[in-house]
1. Might you let me know whether region 110-125 holds any residue that is part of a helix (DSSP H, G or I), under 22 Å from Gly77 (Cβ atoms) and modelled with pLDDT of 90 or more?
2. Would you pick out the residues in region 12-63 that are more than 20 Å from Leu86 (Cβ to Cβ), of a type outside the set (D, E, K, R) and assigned to a loop (DSSP other than H, G, I, E, B)?
3. Tell me yes or no: at least one residue of region 210-219 is more than 23 Å from the chain's Cα centre (by Cα) and touching a residue at least 24 places away in the same chain (Cβ under 8 Å).
4. Against the definition (in contact with a Leu (Cβ under 9 Å, 6 or more places away or on another chain) and under 16 Å from Phe39 (Cα atoms)), how does Leu84 come out, yes or no?
5. Can you pull out the residues in region 64-87 that are hydroxyl-bearing (Ser, Thr, Tyr) and at pLDDT 95 or above?
6. Considering only region 163-181, I want to know if a residue exists there that is closer than 23 Å to Gln79 by Cα, surrounded by 12 or more Cβ atoms within 10 Å (Cβ to Cβ) and touching a Ser or Thr at 6+ places or on another chain (Cβ under 6 Å).
7. Only residues that are free of Cβ contacts under 8 Å to residues at least 60 places away in the same chain, part of a helix (DSSP H, G or I) and either among the basic types (Lys, Arg) or in contact with a helix residue (DSSP H, G or I) (Cβ under 7 Å, 6 or more places away or on another chain) (or both): list them for region 137-173, please.
8. Of all residues in region 99-134, which are surrounded by fewer than 20 Cβ atoms within 10 Å (Cβ to Cβ) and charged (D, E, K, R)?
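The values are calculated or read from the model by the stated rules, or taken from the named source; none is laboratory data. This is a predicted model, so every value here is computed, not measured. Note that each Cβ is placed from the backbone with ideal geometry, even for glycine, and that neighbours are counted across all protein chains shown.
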Amino acid sequence: MWGVYFSAHWCPPCRSLTRVLVESYRMVKESGQKFEIVFVSADRSEESFKQYFSEMPWVAVPYADEGRRSRLNRLYGIQGIPTLILLDTEGHMITRQGRVEVLNDPECRLFPWHPRPVLELSESNAVQLNEGPCLVLFVDAEEEGELEAAKGLILPIAEKIMAKHKAKDEETPLLFFVAGEDDMSDSLRDYTNLPEAAPLLTILDMSARAKYVRDVEEITPTVVEEFVGDFLAETLKPEPI
């Protein structure tokens, strides 16, 4: 497995992630698993690159090879740093969210960090809402077992879509989240101007500043599947965020 690490010494979040990533890298290697990382620098000078790279136990694209560094940025559509892309042994992408995975799994128990079909919305993974369209099912987390029940409801649909697009060597067109009642969920509702109802079934497309809301009394697997199908068929009318 490979990691392609886009980072720079001048970027404080990069330096923080590097410290964690070094420990994760060593932990994985010591466990006998195959894992290599390639550092793609966004440093502003070769001196800064050398200083930063001296803290890393992996390999790097030479700073002087600006053409290769630029091609890798274009290939993976890098919009900001730090970004850690994880690839399998054949070069197929496992996830663009290596940063989130490393920070959420400091003991590397979930290595090689294959995407989970359904995520529980949290402060650490909320950045993924900006990666593309996301289905978010808001539930009343005060009800015991509601979050797990919500995950179970949408899990088969998420798995089906992931499997379909993985077979075509494509990225999944929709990420799946469940959200309870906490500060992160409240902030998301406020930002997207969603009602306080729970359960509430939505699809949010932050880059397009669009939202889709399915207003029904009861959310069932059939309701979710039809909502997702209509979205992918582009038959839903968006509301502005």
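1. Looking for residues that are part of a helix (DSSP H, G or I), under 22 Å from Gly77 (Cβ atoms) and modelled with pLDDT of 90 or more, one finds none in region 110-125, hence no.
2. Scanning region 12-63 gives Ser45, Ser54, Pro62, Tyr63.
3. yes
4. Here the answer is yes, as Leu84 does meet what is asked.
5. Within region 64-87, Ser70, Thr83 meet the criteria.
6. No: zero hits.
7. Lys151, Lys160, Lys164, Lys166
8. Across region 99-134, the qualifying residues are Asp105, Glu107, Arg109, Arg116, Glu120, Glu123, Glu131.
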